[in-house]
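Have a look at the structure below before the remarks.
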Amino acid sequence: MAGISDHPSNDTRSGLDSLMLLAFIVLIFLGGSNAVAVRFSNLELPPFWGAAARFIGAAIIFWAILLIRRIPLPAGRALVGCLVYGALSIGAAYAFIYWSMLKIQASLAMIILSLGPLLTLLFATAHRLERFRWRGLAGALIALAGITLAVAQDLGTSIPMPSLLALMFGAACTAEASVLYKLFPRSDPLATNAIATTEGALILILVSLIAGESWSLPNASATWAAFSYLVLIGSVVLFYLYLFILSRWTATATSYSFLLFPVATVIISAWLTDETITLRFTAGGLVVLIGVWIGALRQPRVAPDEQEPQQGIAVEPAAPPSPGCA
């Protein structure tokens, strides 16, 4: 697979290829199924309360892991970075995402959220963390054309404009959170997730109170299954699995999962929810993914002395993942 590091970790050389390939396939399936689970959760739980309850459960699990492993909490600017990340990537982003998915089908949601790597690249350029590249701008324009192709026919009818804009704001929040996180000292990913999910849950509870939502637990078994999946698998396991792969592959190779999440979502949603996938929608989705690949994932050729050391790229944890994972 293109972009996979040829230098595995020192203690995992034996059987690494098959293990990592299996982990990558599982990551794609889990990431793609999250949007479908959110749709099931929204059938019975109000969106903001449903998102808050999900991250309350995830936060409890993360704090339990921290206590068991005795992982120290970040302090100073590192703590500020965790709080900024939590407010944007969970509190703001998931408020937009959950609300938008009351009206937007899971497959379209994942195509929009797959813009995460491209938006991250553009925001990193704006914050002067990376150099401006015309390829990034071209990719953004191609992806925008793909979204227009996919939704233009249904925009304003089955796809309300406010819901579409909310979903794009959600993708932008997660991308900006990842960029801002890089401006602060690095902290342990598990500690970051514990703090971020706790703060995000508190923000979502406040939004739920302002919206006047009723707080209740699910009644239907399907809603319970979706909610439990989102807490344990869609948050804790997915976040950990992403970091597991990122620590052993290059950042570029791992980021290709964002292109494959929508593929898994289309298959799962068509199977479980009978979503209609039209030819126009499929074509638009492919154009979006091509734009993301050109703008954010296809690496420009550089001179050998300008490249970062391979080991440094492979083990860099970046920000704990929520972009594109619903």
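List the pairs whose first member sits in region 56-84 and is over 13 Å from T197 (Cα atoms), whose second member is part of a helix (DSSP H, G or I) and among the aromatic types (F, W, Y), and whose Cβ atoms are under 7 Å apart, counting only residues at least 6 apart or on separate chains?
So the pair list comes out as G81/Y181.
Pairs please, first residue from region 188-214 and of a type in the set (D, E, K, R), second anywhere and part of a loop (DSSP other than H, G, I, E, B), Cβ atoms under 6 Å, 6+ apart in sequence or on different chains.
Sorted first by the residue in region 188-214, then by its partner, the pairs are D188/I71; E213/P46.
I'm trying to understand the selection: among the residues of region 235-257, which are modelled with pLDDT of 75 or more and within 13 Å of N193 (Cβ to Cβ)?
Within region 235-257, S235, V236, V237, L238, F239, Y240, L241, Y242 qualify.
If we only count helices (runs of 4 or more DSSP H) wholly inside region 51-137, which ones have 1 or more residues that are more than 17 Å from the chain's Cα centre (by Cα)?
Ranges flagged: 77-86, 116-126.
Considering every residue within region 154-165, establish whether at least one is out of contact with any helix residue (DSSP H, G or I) (no Cβ under 8 Å at 6 or more places or on another chain), buried (at least 16 other Cβ atoms within 10 Å of the Cβ) and at pLDDT 80 or above.
Taking every residue of region 154-165 in turn, at least one turns out to be out of contact with any helix residue (DSSP H, G or I) (no Cβ under 8 Å at 6 or more places or on another chain), buried (at least 16 other Cβ atoms within 10 Å of the Cβ) and at pLDDT 80 or above.
Residue by residue through region 1-53, note down the ones that are at pLDDT below 50 and of a type in the set (D, E, K, R).
If the condition is that a residue be at pLDDT below 50 and of a type in the set (D, E, K, R), then D6, D11, R13 are the ones that fit.
Could you say which residue among L115, L88, L149 is closer than 26 Å to T265 by Cα, at pLDDT below 85 and either among the acidic types (D, E) or crowded, with 22+ Cβ neighbours inside 10 Å (or both)?
From the options L115, L88, L149, the qualifying one is L115.
The values are calculated or read from the model by the stated rules, or taken from the named source; none is laboratory data. The structure presented is a predicted model; accordingly, all values stated were derived computationally and were not measured. Ideal geometry is used to build each Cβ from the backbone, glycine not excepted, and the neighbour counts take in all protein chains shown.
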